[in-house]
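Enquirer: Pasting a structure here, questions to come.
The values are calculated or read from the model by the stated rules, or taken from the named source; none is laboratory data. Since this is a predicted model, take the numbers as computed values, not measurements. Positions of Cβ are generated from backbone atoms using ideal geometry, with glycine treated the same way; all protein chains shown enter the neighbour counts.
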Amino acid sequence: MAGKVYLVGAGPGDPKLITVRGMECIREADVIAYDRLANPKLLEYARPDAEVIYVGKLPDRHSLPQEEINALLVKKALDGKIVTRLKGGDPFVFGRGGEEATELAENGIPFEVVPGVTAGIAAPAYAGIPVTQRHVASSFAVVAGHECPGKEQSSIRWDKIATAVDTLAFYLGIKNLPLICEQLITHGRDPETPVAIIHWGTMPEQRTVVGTLTTIVDIARDQQIENPSIILVGEVVNVREKIRWFDTN
């Protein structure tokens, strides 16, 4: 008899931000397959006899290719195991959870999706930046800062998104920061639009740097900002100086 797979969002980094349901799934699991951005402290709540498997990815190096992760989930479930697939942030926001759910469905494996707090909202919140604010921003979009290397061309509609949304959150886009800024300016975004980069959002080592579309590339380079980071573009960045509460130094 097949087991079951939980596709769980572990939240943005701080282990206390996981949902109650997500914690239940960790405690119930026979097998836990966890990502690089899922805080490993959450594994302390696993059963002592649970099998724990690291399946994390870096842009240029994967411990397991996605196809093998899919196959692992199917195999463990077909062995009758309760599997918790623990992902940073939310499983359906750049987490490839949809691909894993599709594979499970095609193999007749029962599964449940447990949403998590996504970094594009949480990291700015910890930096004192609301992604929406009355009279400042009434729309918000998340954008892949690092697209699949195999793509022949970007699927981001820069001509549409540059000015259609008040606040833009780019995930893991530090390598492409010059391109992001260039494309936004080229397609009509004011070069003086404020930009914040939040590195390791919600974690004790969180760092935030602020500039504009014309200055942020040099600032990020000088401050040696790397991924994982959220790049937030929009006038809401100006709110930070009044309500920053976490990284107050």
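Here is a yes/no grid of residues against (1) modelled with pLDDT under 95; (2) assigned by TED's automatic domain parsing to the domain that holds Leu232; (3) part of a loop (DSSP other than H, G, I, E, B):
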site: Ala125; (1), (2), (3): no, yes, no
site: Pro130; (1), (2), (3): no, yes, yes
site: Cys148; (1), (2), (3): yes, yes, yes
site: Ser155; (1), (2), (3): yes, yes, yes
site: Lys160; (1), (2), (3): no, yes, no
site: Leu168; (1), (2), (3): no, yes, no
site: Pro178; (1), (2), (3): no, yes, no
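Enquirer: Another question, then. Looking only at segment 198-214, which residues are out of contact with any His (no Cβ under 9 Å at 6 or more places or on another chain) and in contact (Cβ under 8 Å) with a residue 12 or more places away in the chain?
Expert: To start, the set of residues in segment 198-214 that are out of contact with any His (no Cβ under 9 Å at 6 or more places or on another chain) comprises 198-204, 210-214.
Hits for segment 198-214 are Ile198, His199, Trp200, Gly201, Thr202, Met203, Val210, Gly211, Thr212, Leu213, Thr214.
Enquirer: Look at segment 175-188 and say how many of its residues are surrounded by fewer than 20 Cβ atoms within 10 Å (Cβ to Cβ) and touching a residue at least 24 places away in the same chain (Cβ under 8 Å).
Expert: 8
Enquirer: Is there a residue in segment 229-238 that is of a type outside the set (A, V, I, L, M), touching a residue at least 12 places away in the same chain (Cβ under 8 Å), farther than 18 Å from Gly145 by Cβ and not in a helix (DSSP H, G or I)?
Expert: No, because not a single residue in segment 229-238 is of a type outside the set (A, V, I, L, M), touching a residue at least 12 places away in the same chain (Cβ under 8 Å), farther than 18 Å from Gly145 by Cβ and not in a helix (DSSP H, G or I).
Enquirer: Follow-up question, since we're still on this one. Anything in segment 72-98 that is in contact (Cβ under 8 Å) with a residue 24 or more places away in the chain and part of a helix (DSSP H, G or I)? List them, or say none.
Expert: Matches in segment 72-98: Leu72, Leu73, Val74, Lys76, Ala77, Leu78, Gly97.
Enquirer: Right, next: For segment 15-27, how many residues are more than 18 Å from the chain's Cα centre (by Cα) and either among the basic types (Lys, Arg) or surrounded by 15 or more Cβ atoms within 10 Å (Cβ to Cβ) (or both)? Even if it seems obvious, please write down each step before you answer.
Expert: Going through segment 15-27, the residues more than 18 Å from the chain's Cα centre (by Cα) turn out to be 20-21, 23-27.
This time we only want the ones that are either among the basic types (Lys, Arg) or surrounded by 15 or more Cβ atoms within 10 Å (Cβ to Cβ) (or both), so: 21, 23-27.
Here the count works out to 6.
Enquirer: Of everything in segment 67-98, what is touching a Lys or Arg at 6+ places or on another chain (Cβ under 6 Å) and either within 18 Å of Asn39 (Cβ to Cβ) or surrounded by fewer than 20 Cβ atoms within 10 Å (Cβ to Cβ) (or both)? Give them in sequence order.
Expert: Ile82, Gly95
Enquirer: Condition first: touching a Ser or Thr at 6+ places or on another chain (Cβ under 6 Å), β-branched (Val, Ile, Thr) and not in a strand (DSSP E or B). Now tell me which residues in segment 194-228 satisfy that.
Expert: Within segment 194-228, none qualify.
Enquirer: So if I check each of Leu42, Leu7, which one is surrounded by 19 or more Cβ atoms within 10 Å (Cβ to Cβ), closer than 23 Å to Pro204 by Cα and at pLDDT 95 or above?
Expert: After applying the criteria, what remains is Leu42.
Enquirer: Anything in segment 104-123 that is farther than 22 Å from Leu172 by Cβ and in a loop (DSSP other than H, G, I, E, B)? List them, or say none.
Expert: Hits for segment 104-123 are Asn107, Gly108, Ile109, Pro110.
Enquirer: Separate question: Looking at (1) part of a helix (DSSP H, G or I); (2) under 22 Å from the mean Cα position of the chain (by Cα); (3) exposed (fewer than 15 other Cβ atoms within 10 Å of the Cβ), find the lone condition where Trp245 falls short.
Expert: (1)
Enquirer: Still on this structure, please answer the following. Going by what's in this entry, would Arg61 be described as surrounded by fewer than 20 Cβ atoms within 10 Å (Cβ to Cβ), at pLDDT below 95 and in the same structural domain as Ala29 (by TED's automatic domain parsing)?
Expert: Considered against the rule, which asks whether it is surrounded by fewer than 20 Cβ atoms within 10 Å (Cβ to Cβ), at pLDDT below 95 and in the same structural domain as Ala29 (by TED's automatic domain parsing), Arg61 comes out as yes.
Enquirer: Checking Ala101 against (1) under 29 Å from Ile198 (Cα atoms); (2) among the aliphatic types (A, V, I, L, M); (3) not in a loop (DSSP other than H, G, I, E, B): exactly one of these is not met. Which one?
Expert: The number of the failed condition is (1).
Conditions tested, residue by residue: (1) crowded, with 19+ Cβ neighbours inside 10 Å; (2) charged (D, E, K, R).
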site: Ala164; (1), (2): no, no
site: Asp190; (1), (2): no, yes
site: Ile197; (1), (2): yes, no
site: Gly201; (1), (2): yes, no
site: Gln223; (1), (2): no, no
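Enquirer: Starting from segment 36-50, take each residue that is under 10 Å from Ile18 (Cβ atoms) and among the small types (Gly, Ala, Ser) and list its partners that are at pLDDT below 95 and assigned to a loop (DSSP other than H, G, I, E, B), counting only C-beta distances under 6 angstrom and pairs at least six apart or across chains.
Expert: none
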